[in-house]
1. Given R₀ = 25 Å, what would the calculated FRET efficiency be for residue 334 paired with residue 357, taking r from the Cβ atoms and rounding to 0.05?
2. Between residue 214 and residue 193, with labels modelled 7 Å along Cα→Cβ, what's the label distance in nm to one decimal, could you check?
3. Around residue 63, which amide H atoms from residues at least 5 apart in sequence, or from another chain, sit under 5 Å from its own amide H, with H modelled in the peptide plane?
4. Residues with amide H under 5 Å of residue 68's amide H, sequence separation 5 or more or different chain, H placed in the peptide plane at 1.01 Å from N; which?
5. Need one number: nm distance between label points at residue 4 and residue 137, each 7 Å from Cα along Cα→Cβ, rounded to one decimal.
6. What distance in nm separates the two pseudo spin-label positions at residue 107 and residue 368, each 7 Å out from Cα along the beta-carbon direction?
7. In whole percent, how big is the carbon plus sulfur part of the accessible area of region 1-68, probe 1.4 Å, protein atoms only?
8. In a Gaussian network model over the chain where Cα atoms closer than 10 Å are linked, find which of 309, 148, 267 has the largest mean-square fluctuation.
Amino acid sequence: MSERGYGSCAKYIQRRGEIDRVGEHLASLGASALVIVDPFIDETYGARVDASIAAVGVAVQKVIFGGECWEGEVDRIVAAAGDSRPAIIAGIGGGKTLDTAKLVAAELDARILCFATVASTDAPTSGLAMRYFEDGRTDRPIFLTRHPDMVIVDPELVVRAPVRFLIAGIGDALSTWYEARSNRDSRSKNYIAGGQGMPLAGMAIARACHEALMRDARGAVAAAREGLVTPAVENIIEANTLLSGLGFENCGCSAAHGIHNGLSILPGCHSKLHGEKVAFGTLCLLVLEDRPQTELDEVFAFCEDMGLPTTLEAMGLGSATREDLLRASVAALNPGEATHATDAELTPEGILASLLAVDAMGRARLARG
């Protein structure tokens, strides 16, 4: 493609102790803010956040996040803002809290601050938000007219959270390079300004994300289990949050995320985190593209080391019927799904075969020990 486009958040800060600097960051963006906070984060760190805001004198209205990024939640928070017209919408929490903050900001034409308290997804940096239905099924991505003005991550909060969240972020980031390659091969457009050609910078970032995961993920998870912030942990937080975010948006997603969305119609996997499902979808992507067995073995081994799902049983779908999985395969090919960016022949039967093939390989590997 001759045209190409690149987009990113305006500023990214990853530093210990940032939870105590929320107020100064808000003050740098405006004089008033509506802050959407995950309930656990408010209970655990709310006093520190409130103290930092009080120290700078920003007028703040706080709203506790309801738990799902869906249309009704956005409407509720917009209504709570009333006529105050805050200059900034800030989200403090995980990916759904931050995506909700971005959607509210779009409704109120406000600046956006995303404070990620876990490194479980690449949502914080992007100019889109994934909206769900109230019951947890995927609705659709909402493409916004602006990116976050500021993204903040405090590594001390990340390692205090359950390590499962960090691992899920690794699973999400794992797809970045493979989906970038898929979009390159299929000559698909990215998610910038309505869809542009892939820039060299996007591919370089996606590759750097993959290299960081292969080098540091195992050590980072071991350190995080002990609540330690090491250089490997810092690198993986950046890979999960910044590199994966810039990589997917500037290169595009494909079947790893499309299969995630298709499987989301099956209640059995609703307890699984986004990145856990995406990791399984990444294995399916490699099968669809007929990648070499050596590459499949490498990704299977990585997922096994991370504790990411490699079988339908591990996905919560051990009792799913072939008909259930076929319905999910059809959903993965709905119009507009990222699956269509995959450089492969795409049919519901082919998607189903990839699900069953990954499951068979995963079970065989587990049986061998």
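1. For R0 = 25 Å, the calculated efficiency reads 0.70.
2. Here the answer is 3.3 nm between the modelled labels.
3. 35, 36, 37
4. none
5. So the two model labels end up 4.0 nm from each other.
6. If labels sit at residue 107 and residue 368, their model points lie 5.2 nm apart.
7. 51 percent
8. 267
The values are calculated or read from the model by the stated rules, or taken from the named source; none is laboratory data. In this text, all values refer to a predicted model and were calculated from it rather than measured experimentally. Glycine gets a Cβ as well: all are built from the backbone with ideal geometry, and neighbour counts include every protein chain shown. Accessible surface is based on the protein model in full, side chains and every heavy atom, while ligands, DNA and RNA are left aside. Shrake-Rupley method; radii C 1.70, N 1.55, O 1.52, S 1.80 Å.
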